[in-house]
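Quick notes on the structure that follows.
The values are calculated or read from the model by the stated rules, or taken from the named source; none is laboratory data. Just so you know, these numbers come straight off a predicted model, no measurement behind them. All Cβ positions, even for glycine, are placed from backbone atoms using ideal geometry, and neighbour counts span all protein chains on display. Side chains included, ligands, DNA and RNA excluded: accessible areas come from the protein's heavy atoms. Shrake-Rupley method; radii C 1.70, N 1.55, O 1.52, S 1.80 Å.
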Amino acid sequence: MMKPELSWLDDPQTFRVNQLPAHSDHRFYQSEADLATGQSRFTQSLDGTWQFKFAKQPSERPIGFYAPDYDRSGFDTITVPEHIEIAGYGRLKYINTTYPWEGKIYRRPAYALGKDQKGEGMFSDGEDNYVGAYLRTFTLNSELQNKRVVIQFDGVEQAMYLWLNGQFVGYAEDSFSQSEFDLTPYLKDGENLIAVEVFKRSTAAFIEDQDMFRFSGIFRSVRLVGEPKSHVQDMRIIGNLADNMTTGDFSLKLKLNRQANAKGNVKIGITDADGESLFNTTQAVNDDIEINHQMFPNVHLWQHTDPYLYQLKVTVQDEQGKVIEIVPYKFGFRRVEMKNKIMLLNGKRIILNGVNRHEWDAKSGRVISLDDMKQDIKTFKENHINAVRTCHYPDRIEWYYLCDQAGIYMMAENNLESHGTWQKMGAVEPSYNVPGSLPEWREAVVDRARSNYEVFKNHTAILFWSLGNESYAGDDIAAMNAFYKEHDDTRLVHYEGVCRNRAYEDQISDMESMMYDPPKEIEKYLTNDPKKPFVDCEFMHDMGNSLGGMSSYNDLIDKYPMYQGGFIWDFIDQAIETKDEVTGQTVLRYGGDFDDRHSDYEFSGDGLMFADRTPKPALQEVKYYYGKHIN
Amino acid sequence: MANTSTKQVQIIYGDATLGLRGEGFGYIFSYERGGMESLVQHGKEWLYRTPKPTFWRATTDNDRGNGFSVKSAMWLGTDLFLKCTAVAVAVNDQPIELPISPANNQYSDHEFADHVTITFTYETLTVPATTVTVAYTVNGSGEINVSVDYHGKAGLPQLPAFGLRFMMPTPAVRFNYDGLSGETYPDRMAGGVDGSYTVDGLPVTKYLVPQECGMHMQTKQVTVVRNRTLDNTDHANHDFNLTFKQDGQPFAFSCLPYTAEELENATHIEELPAPRRTVFTIFGAVRGVGGIDSWGADVEEQYHISAETDHSFSFTIQGV
């Protein structure tokens, strides 16, 4: 059995240990009745109260706390999901570009200044690397017993080690992607003891330098999932269009996980939104099942104004014909392509009336509720916002489903931002940039691209993959692009850093992307025989009382077909609701308000919405201009 | 101005003030305070201090980012401190000798006119200095036409704002206006929908750092409603109001509980003092808010306010 090593925190080449491969985010149910309720008996939530011990640094952590006989009487409690900082153990901190240890600790990323600069101990012995030890017990629900059982962590920031019943299970980084581990070998009858050790920092800190409050902990849901003996492990749905733009071109790849070579049938059916059947087939259970280029004449297209979805249903039966798993997935028929240097959806020029959206709730930070998401969709619809960039990390899985249903064009971005390694006090200075072209960092970032693709690949709403934000450009980001190009010819790839290092412009982005370029500069680009269409991945910086001059951008839409709109920065202020220490009234606080230094203070608030989801006065202007090009 | 009233306004040639009164109104203009000191309609006082030209707006994040407030900082000083350097009076458009003692001894207790104009000249504390005149013309129905003129001067930095600020003694309970929905600025008003709107209370937009807010462009008229005075004998709490109307061109205004300087000093909204007054400002020039970025990009040029050119505006305060 593998022994966990603290040194993994320092090594950019170790970012997943014993993690299961990423796969599509499909849900699965035991029966039609479960499907109807939306409650899968195959899942068992581990959200709620966990035992918790906070340690200021690795050397003070409770070593061996995961052992069943460890004395845990001194443990406190914490809620899952919740940030360790919101719970009051760690200090709240906001910072934009520079690293959160600025002015306190000197760090350079491993290998960035030479092969021998390995950064040993940088995080594993980091005085600012606080640790949360999480523990709880569970007993498997009857539906999960005698099945293969995996555990899913939807989001843990920033590095985690996992034990079950005292045995080491695995390790994960990438705070914003789901981490999944097979618990089956370690499970026992009755009560099981699960332990997670969460470190605030690891080498991931260098590539998770997003402009945001810096949190840690288990901040998204955790669940157990039991898998039936024949289980759809992964699916790839392609709902494309033939050249005539009216015929649906459907393909499906299923990967089954079969225990003991289980046999049976797989029924695949497609119905339209009224429940009318379009297609049915039954195939024998197999490791791989494919349907290739099944054509459907005159399909109802998916687009923002009419996000029509078809229902795919995969039903797995055992040898006796008993249903053992039902996998539903709604998908749309739509076609994304580049033609004559213009990006098209269903043959028509795409105009992006977009916003960048951080996940935010004033009370709980990046722990957001389904209600928050639904409200955001409602705000989008009311204000003609048709596109969202998931800045700068994958969001909660539910958000992608909501965007499919609401017809919100998604730029699905990887969890990547390293601007602190190349942008210093506003200047481009990439002397120790990561990932750059460093081979030691390549797999970590390509893995993030893979996770983003594998989990979300079936979402109709995703028109663009985005490699990340403000991470400069080098071979490693080119490798991320190559991953997408290899796996998905139904979408385009975006990367903002294309404008930062022109040597890579043909290898990292299908479109020209800039942020905050004044309209006049954009016009210069557009009138100078441009190679690619232009997208403002961030524009109209809505900090405080702002958003003036939008008409100048709107004019570009009408004048230049290759100008395809953009994403306003950003959707919602990041500020934390707390009690005023003087009056006791409920107030919203920003960077620097928690004695957190070095800070970028009120720069955390650039939203169209205030942090409590009330709209800023500028929103009516967005509604007006975005309403001019509804598409 | 055209006098449409058949009534006459009574003139009180005081030793320190010029009083103008009629049925249901009484106005006092102070030579010492350099402006209109009292505006009473139906027994209710509308002024806390004399209205003054205003030049500053609370720094927006965009202003801070592009250094605008640093470049234009001298306007903050003159927004706080302003000298009244001259007062002139005209009766039925005829200038008269300034009617202070002993020149006012020639008058009686029954002096009337169709309309009276009193003009205050203010000198800025900028380098170089320039002047602003504010002329009030009052007729027999108590209607006040206010005309404000800024005289451009080469070498002065751009203006953050230009308007006339009224401080009212108590907070308004609401204001109604005919104009654009929401808050609008010259470079952010396309989304404003023309209509009649009511704003309850005196909301300060809760930007993380308090800043310029609450502007309403293209307004035809606005009515400020209060229900309290500072008069110790006045225990009524029924609504009373004052209406400002366009004179030719629509105007811009904001109605807030704080001055630009009060907003400027706060790093959080909860630091602002309890609302005690109404700060009602009519603007003759409004700087855009910008939006390209918040760390250097300026407001687009056509939405700047040059201090080197003249700016004039006028409006009417409705009579009784």
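The sole residue among B:T6, B:T59, B:T50 that is assigned to a loop (DSSP other than H, G, I, E, B), buried (at least 17 other Cβ atoms within 10 Å of the Cβ) and among the β-branched types (V, I, T) is B:T59.
Whether a residue is buried (at least 21 other Cβ atoms within 10 Å of the Cβ), of a type in the set (D, E) and either away from every other protein chain (no Cβ under 14 Å) or under 23 Å from the mean Cα position of the chain (by Cα) (or both) was assessed, and A:E505 does not pass this test.
Residues of the stretch A:439-471 that are touching a Pro at 6+ places or on another chain (Cβ under 6 Å) and either of a type in the set (K, R) or surrounded by fewer than 24 Cβ atoms within 10 Å (Cβ to Cβ) (or both): A:E440 alone. Scanning the stretch B:137-166 for residues that are in contact with a Leu (Cβ under 9 Å, 6 or more places away or on another chain) and more than 18 Å from B:R287 (Cα to Cα) returns B:V138, B:G142, B:I144, B:V146, B:F166. Can you tell me which residue in the stretch A:539-568 is farthest from the chain's Cα centre (by Cα), limited to those that are open to solvent by 10 Å² or more (accessible area, probe 1.4 Å) and more than 7 Å from every other protein chain (Cβ to nearest Cβ)? Here the residue is A:K559.
Annotation for the stretch B:138-151: no member residue is free of Cβ contacts under 8 Å to residues at least 24 places away in the same chain, of a type in the set (D, E, K, R) and in a loop (DSSP other than H, G, I, E, B). For the stretch B:241-267, taking the residues that are surrounded by fewer than 19 Cβ atoms within 10 Å (Cβ to Cβ) and in a loop (DSSP other than H, G, I, E, B), the one that is farthest from the other protein chains (Cβ to nearest Cβ) is identified as B:G248. Take A:L608 and tell me if it is at pLDDT 95 or above, more than 9 Å from chain B (Cβ to nearest Cβ) and buried (at least 20 other Cβ atoms within 10 Å of the Cβ). So A:L608 passes the test. Just one of the listed residues (B:G296, B:G319, B:G291, B:G284) is surrounded by 20 or more Cβ atoms within 10 Å (Cβ to Cβ), within 14 Å of chain A (Cβ to nearest Cβ) and among the small types (G, A, S), and it is B:G291. Would you mind stating whether B:E308 is in contact with a helix residue (DSSP H, G or I) (Cβ under 9 Å, 6 or more places away or on another chain), open to solvent by 10 Å² or more (accessible area, probe 1.4 Å) and not hydrophobic (A, V, I, L, M, F, W, C)? The answer is no for B:E308.
Yes/no matrix, rows are residues, columns are (1) more than 29 Å from B:R287 (Cα to Cα); (2) among the charged types (D, E, K, R):
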| position | (1), (2) |
| --- | --- |
| B:W56 | no, no |
| B:D61 | no, yes |
| B:M74 | no, no |
| B:K83 | no, yes |
| B:V91 | yes, no |
| B:P102 | yes, no |
| B:H110 | yes, no |
| B:A113 | yes, no |
| B:T117 | yes, no |
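Inspection of the stretch B:22-33 finds a residue satisfying the criterion of being part of a strand (DSSP E or B), open to solvent by less than 10 Å² (accessible area, probe 1.4 Å) and free of Cβ contacts under 8 Å to residues at least 60 places away in the same chain.
Scanning the stretch B:166-192 for residues that are surrounded by fewer than 21 Cβ atoms within 10 Å (Cβ to Cβ) and either in contact with a Lys or Arg (Cβ under 6 Å, 6 or more places away or on another chain) or in contact (Cβ under 8 Å) with a residue 24 or more places away in the chain (or both) turns up B:M167, B:P169, B:T170, B:P171, B:V173, B:R174, B:N176, B:D178.
Of the residues making up the stretch A:34-75, just one is of a type in the set (A, V, I, L, M) and in a strand (DSSP E or B), namely A:A55.
Selection of first residues in the stretch A:380-407 that are over 23 Å from A:N346 (Cβ atoms) and of second residues that are modelled with pLDDT of 95 or more and part of a strand (DSSP E or B), restricted to Cβ pairs under 6 Å at least 6 apart or on distinct chains, gives the following pairs, ordered by first then second residue: A:C391/A:N356; A:H392/A:E413; A:H392/A:E417; A:H392/A:N469.
Tell me whether the stretch A:570-582 contains one or more residues that are at the interface with another protein chain (Cβ under 9 Å from one of its Cβ atoms), buried (at least 22 other Cβ atoms within 10 Å of the Cβ) and not in a strand (DSSP E or B). Checked against the condition, which is being at the interface with another protein chain (Cβ under 9 Å from one of its Cβ atoms), buried (at least 22 other Cβ atoms within 10 Å of the Cβ) and not in a strand (DSSP E or B), the stretch A:570-582 yields at least one hit. For B:G195, state whether it is open to solvent by 20 Å² or more (accessible area, probe 1.4 Å), of a type in the set (G, A, S) and more than 17 Å from the chain's Cα centre (by Cα). So B:G195 fits the description; yes.
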